[in-house]
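Comments concern the structure below.
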Amino acid sequence: MAEFTNTVTKRIGIVLLLVGLIILSIGLYNMGGRYLSPDRFFERWLDVISWNKYRVKEYPAVFYGSYLVIVGLFLSVLYDKVTGRLVQWILTGRTKRDT
């Protein structure tokens with residue numbers, strides 16, 4: 001667990017991930033409260049994620065929550081595998097594997 005939260009970036013990512021999950025769950029609850037079939041439910045969710053302006057206005061919590069979860073995942077769970085290597089490659093031109 002200490003390695004999972006060893007940098008400030010990872011701790012910020014965990015906070016964003018948790019806040020995003022809370023907002024997303026509230027938004028999905030509100031969206032699913034209209035007695036939609038599973039097909040229509042996921043269709044509307046994909047409409048919101050793909051920036052359909054009418055759906056984003058109708059379900060803003062789903063929009064913001066989805067993207068906060070994605071950003072939180074990249075800054076916390078996937079930081080060592082993806083984001084950290086990309087940042088190091090941009091700054092130095094080398095990855096951890098090169099050294």
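Just so you know, all these numbers are worked out from the coordinates, no wet-lab data involved. The structure displayed is predicted, hence computed values, not measured ones. Positions of Cβ are generated from backbone atoms using ideal geometry, with glycine treated the same way; all protein chains shown enter the neighbour counts.
General observations
- Qualifying positions in the stretch 17-46 - surrounded by 17 or more Cβ atoms within 10 Å (Cβ to Cβ) and more than 21 Å from residue 73 (Cα to Cα): 31, 44
- Residues of the stretch 51-85 that turn out to be farther than 26 Å from residue 26 by Cβ and exposed (fewer than 12 other Cβ atoms within 10 Å of the Cβ), as a count: 1
- Screening residue 13 on (1) out of contact with any Phe, Trp or Tyr (no Cβ under 7 Å at 6 or more places or on another chain); (2) under 25 Å from residue 89 (Cα atoms); (3) assigned to a helix (DSSP H, G or I); (4) not aromatic (Phe, Trp, Tyr) shows it passes everything except condition (1).
One line per residue, one yes/no per condition, for (1) under 30 Å from residue 6 (Cβ atoms); (2) assigned to a loop (DSSP other than H, G, I, E, B); (3) touching a residue at least 40 places away in the same chain (Cβ under 8 Å):
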{"site": "44", "(1), (2), (3)": "no, no, no"}
{"site": "63", "(1), (2), (3)": "no, no, no"}
{"site": "81", "(1), (2), (3)": "yes, no, no"}
{"site": "94", "(1), (2), (3)": "yes, yes, no"}
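- Identity of the residue in the stretch 1-16, surrounded by 12 or more Cβ atoms within 10 Å (Cβ to Cβ) and among the charged types (D, E, K, R), that ends up nearest to residue 87 (Cα to Cα): 10
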